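Read the figures in this text as sums done on the coordinates, not as results from a lab. Bear in mind that the values here come from a model prediction, so they are computed numbers and not experimental data. Cβ atoms come from the backbone with ideal geometry, glycine included; neighbour counts cover every protein chain shown.
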Amino acid sequence: MLPSWRASCFSPGMLATLQSSTLVGVDAIPITVEVDVSSGLPGYNVVGMAAPSVKEGSVRIRGALVAVGHDVPLSKVTVNLAPADVRKPGAAFDLPIAIGVLLADEVFKVNVFEGFIVLGELGLDGSIRSIRGALAAALMARDRGLRGVVVPRSSAQEAAVVEGIDVIAVEHIAEVIGMLSGEHAMLPTVAQPRSSEQRYAVDMSELRGQGMARAAMEIAVAGGHNILLSGPPGIGKTMLARRVPTILPAMTHDEALTTTKVHSAAGVSRGVLVEQRPFRAPHHTVSSAALLGGGSVPRPGEISLAHNGVLFLDELAEFQRTTIEALRQPLEDREITIGRIGGTVTLPASFLLVASANPCPCGWFDSGVRECTCSAFAIERYRSRMSGPLLDRMDLQVFVRPISLKQMRDATPAEPSAAIRDRVMRARARQQARLARWGLHCNAEMPANVQRETCVLPAAAEKALAKVVSTRGMVTARSVDRLIRVARTIADLAEQPDIDDGCIFEASAYRALEAATGAAGAPAVYDVSNANSSAANQAAAGPSAGQGA
């Protein structure tokens, strides 16, 4: 028989269990937090592949408990985070561990948080700070039939948009202790109603001239097509790109949930539902990991933060070639798969790519305004940064010409964003009705089998397509498929049931950079101002044709 003092050291302790979660990509997975307080040499141990930020939580937990008149017991405290084969980063386990310590030490007898996912980072003063992934945790709690989530007040509105669960907002650990003691009621947070009005600081009416570029942008938004704007500096390429969100349809509730989940996982959420489509414009010095996502614990990159919105790459040729070439797979699959030694995660990346580029290093090649000072070799090297396969994935490629001083100083406002957005929404509605049985939303998402079924060309359109392919040198199946998709969008905007030859010719007019060679062997610029396209005619007609000034 063991001596009494040794028997006390090995006597069984109390075990408290709470539910929490951690992020894998943008999704939450359940984590069970087990806290055991037993007699023995005082110590604090965390097991279960906890990251250093979790182990350092012992200091924050002790400080927070001391701030409200409690403390970590001078006993053997063991924290187990299960499952043990999943890495747990971040500081969101501070709150469930602190509650577990109080329950295991029998300071409180009843676990009122049974059936709740508990998340929160503690401050030394007892405050509870915001965490990443509150919405993902709420969605997981709903899907698993749990009662709800306990999250910091700053993250509560983000989680409260999920229906069918209770979201308990806490701001200080004193509130949590009040709930454990029964002094404070666990009142669920009420979600704020969604705003029905989309407000933007910019508008398409501020853009003068550029009828062709405006028409191309309307087609790109209506069908979800990627677009490249090429032209001299200072002619409005960036100004036009930054107004793309103003003509996009409002997000649906499901799109808002998905977008908010991505932003919350990346730590850029404002703690509320994201209601406006995101617009991301990374600098050309961005790394591949920052653009695509990554890290030892993969987090969303710019292409995922632009999910359901716009990714704008200004000065495309200035980006590292390896960085922009890595966009090929996400542009096709509308998601990005990141593999690390600890596992593989798939992140959403369905975005509208808008890119701009100068035609040469000085920017004035073929501008008709200023003489280009670049050598033929410099032009070729500059344009070679944008590879053919990448350009092949740009459905619309427009060379933007400088406008006259008269157009620039015209006081008549151009067509506003609201009018363009109405046409876009009508075109999107026709696409969704046609593509609903495949679960698709716009023409750019159509795979080859769906395109063959929904984009049957009449004889005149087939003849026009053959002429375009033979004269423009479109030799890849991808470029032909994308031209047909753009033609389908043009027909939708014109409220035409079928694609006619005019739609084919108009779609071909928006292919400014083709494999044909121009000066110095560089890709030639196709002047769409002389193209046989209805959009060109509308642009020449001015605002009365619906294309703005």
I'd like to know which of Ile31, Ser130, Val59 lies farthest towards the positive end of the charge dipole of the stretch 4-181, counting +1 on Cβ of Lys and Arg and -1 on Cβ of Asp and Glu. Val59
How large is the Rg to Rh ratio of the stretch 281-351 when both quantities use alpha carbon positions and Rh follows Kirkwood? 0.95
Counting Lys +1, Arg +1, Asp -1, Glu -1, what net charge surrounds Asp27 among other residues with beta carbon under 14 Å of its beta carbon? +3
C-alpha long axis of helix 253-266 to longest principal axis of the chain, angle in °: 70
Among the aspartates and glutamates, select those whose C-alpha is under 12 Å from the C-alpha of Lys237, and discard any that sit fewer than 8 residues away in the same chain. Asp314, Glu315
Ranked by Cβ crowding within 10 angstrom, fewest neighbours first, how are Met217, Met186, Met179 ordered? Met186, Met179, Met217
Find how much the distance from Ala290 to Ala201 grows on full extension, using 0.36 nm per residue of separation minus their present alpha carbon separation; answer in nm with one decimal. 29.3 nm
How far is helix 57-67 tilted, in degrees, relative to the longest principal axis of the Cα atoms in the chain, given as a value from 0 to 90 rounded to the nearest 10? 60
Hey, could you grab the Kirkwood Rh for the stretch 138-188? Inverse mean 1/r over distinct alpha carbon pairs, Å, one decimal. 11.2
When only alpha-carbon atoms count, how far does the stretch 4-181 stretch along each of its three principal axes, as whole angstroms with the largest first? 55, 34, 27
Estimated dipole of the chain in Debye, rounded to 20 [Cβ of Lys and Arg +1, of Asp and Glu -1, Cα centre]: 820
Taking Cα atoms, how many degrees apart are the long axis of helix 459-472 and the longest axis of the chain, rounded to 10 and kept between 0 and 90? 90
In nanometres, the difference between 0.36 nm per residue of separation and the alpha-carbon distance of Leu15 and Arg340 is 113.5 nm
By a straight-distance test (C-alpha under 24 Å), which lysines pair with Lys88 as possible cross-link partners, with residues fewer than eight away in the same chain excluded? Lys55, Lys76, Lys261
Checking the cross-link filter: which aspartates and glutamates have an alpha carbon closer than 12 Å to that of Lys463, excluding same-chain neighbours under 8 positions apart? Asp500, Asp501
May I ask you to derive the relative contact order of the chain, considering only C-alpha pairs under 8 Å and at least 6 residues apart, and to give it as an integer percent? 13
Simple spin-label estimate for Ser375/Leu124, 7 Å along Cα→Cβ, in nm, reads 6.2
Could you give the radius of gyration (one decimal) and Dmax (whole number) of the Cα atoms in the chain, in Å? 28.9, 103
